[in-house]
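The values are calculated or read from the model by the stated rules, or taken from the named source; none is laboratory data. A quick note: this is a predicted structure, and the numbers were derived from the prediction, not measured. Here the Cβ positions follow ideal geometry from the backbone for every residue, glycine too, while neighbour counts run over all protein chains shown. Areas reflect the complete protein model, heavy atoms only, side chains present, ligands, DNA and RNA absent. Shrake-Rupley method; radii C 1.70, N 1.55, O 1.52, S 1.80 Å.
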Amino acid sequence: MSVRYGLLTLLRDHGPQSRAQLTGRLQVPRPRLLAELDRLVASGTVVEAGPNASRGRRRSPLVELNPDLRLAAIDLDARSVGVEVTDGRLQAVAAHTEHCDIRTGPVTVLGRVTQILDKIRAEGHFTRLDAIGIGLPGPVSFREGIPVSPPIMPGWDRHPVRDVLSDEHGCPVAVDNDVNVMTLGEQHSGVARTVDNLIFVKIGSGIGCGVQIEGRIYRGAAGCAGDIGHIQVDADGPVCSCGNVGCLEALFSHEALARHAESAADGDRSPVLAERLAARGSLTARDVADGA
């Protein structure tokens, strides 16, 4: 882990810190840390944040991520796109979500992402972006910034997502699997703040798993670690959206749960679900949760 990455991560996750606190947390030579910190201050990425709280001795000056930074987070699901722009303290300044079919391909979907960001810019929420992070619902080569043989994303295989967005918006771009991004979110502000080792399972339109080992996301040799949704669990099961048969996702995704619920309602095995089905004409995974 580079000193720069460590500094930015600490300031992201813990807010304003003194130089002494940063040195203690990173456990790198102080001159090396201070030199990197000076470079971040000179670039405007990090700024002075005033003195530390007094404890009866001279107060140490704090540094923090520049609140004027503007960062874009993009969440692509099988059937939706969400875009949020935050400041350097990770407070949202604008957000937009809409229906979007991932199967229409990268040119159409990424084009729509750019249109949404252009609209947010036109509304005055930012003048330029300092970085973009995007989560994709499939295996990703994090190093190359591309999806790799994603089962439910026809036409996306090895499409240069990172380079396309970077060229379009003139800033660094990080591309990762969506569940890895969720796992990072738990590390930042959820249950993983107090643990170093974690498995995070997402059950939505797809099923995936994020793996955190010793505080770092484990992606595997080909970026497929945790891609559990398309493991076959029933050789005689239903056809999955990926084209294979009996995948975990085909049996237990949101759509699969809704299908099972409607079967239970029609078969008089659940009066609660039968009542809801009669009232609305369809059921969702939420109905299953509420019924349980």
Can you tell me how many residues within segment 209-243 are touching a residue at least 24 places away in the same chain (Cβ under 8 Å) and polar (S, T, N, Q)?
2
(1) part of a helix (DSSP H, G or I); (2) free of Cβ contacts under 8 Å to residues at least 12 places away in the same chain all hold for D163 apart from (2)
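Conditions (1) of a type in the set (K, R); (2) over 18 Å from S80 (Cβ atoms); (3) within 16 Å of the chain's Cα centre (by Cα); (4) open to solvent by less than 30 Å² (accessible area, probe 1.4 Å), marked per residue:
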| site | (1), (2), (3), (4) |
| --- | --- |
| V161 | no, no, yes, yes |
| C171 | no, yes, no, yes |
| G190 | no, yes, yes, yes |
| N197 | no, yes, no, no |
| G206 | no, no, yes, yes |
| Y218 | no, yes, yes, no |
| A221 | no, yes, no, no |
| G226 | no, yes, yes, yes |
Filter segment 128-149 down to the residues that are part of a loop (DSSP other than H, G, I, E, B), on the phi < 0 side of the Ramachandran plot and surrounded by fewer than 22 Cβ atoms within 10 Å (Cβ to Cβ) and list them by number.
R128, L129, D130, F142, R143, E144, V148
Quickly run through segment 228-251 and pick out the residues that are over 19 Å from the mean Cα position of the chain (by Cα), crowded, with 16+ Cβ neighbours inside 10 Å and at negative phi.
H230, G237, C240, S241, C242, C247, L248, E249, A250, L251
Filter segment 93-127 down to the residues that are assigned to a helix (DSSP H, G or I) and among the charged types (D, E, K, R), then identify the one that is farthest from G206 (Cα to Cα).
R121
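Name the residue that is most open to solvent (accessible area, probe 1.4 Å), counting only residues in segment 89-105 that are touching a residue at least 40 places away in the same chain (Cβ under 8 Å) and under 18 Å from the mean Cα position of the chain (by Cα). Quick ask: steps written out before the conclusion?
First, pick out the residues of segment 89-105 that are touching a residue at least 40 places away in the same chain (Cβ under 8 Å): 89-90, 102-103, 105.
From the residues that got through so far, the ones that are under 18 Å from the mean Cα position of the chain (by Cα) too are 89-90, 102.
Numbers: R89: 134, L90: 61, I102: 4 Å².
Once the filter is applied, the top-ranked residue is R89.
Residue by residue, here is whether (1) part of a strand (DSSP E or B); (2) modelled with pLDDT of 90 or more holds:
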{"site": "A35", "(1), (2)": "no, yes"}
{"site": "G50", "(1), (2)": "yes, no"}
{"site": "A53", "(1), (2)": "no, no"}
{"site": "G56", "(1), (2)": "no, no"}
{"site": "P67", "(1), (2)": "no, yes"}
Identity of the residue in segment 2-24, in contact with a helix residue (DSSP H, G or I) (Cβ under 8 Å, 6 or more places away or on another chain) and farther than 20 Å from G50 by Cα, that ends up surrounded by the fewest Cβ atoms within 10 Å (Cβ to Cβ):
R4
Within segment 1-49, which residues are within 24 Å of Q187 (Cα to Cα) and among the charged types (D, E, K, R)?
R4, R12, D13, R19, R25
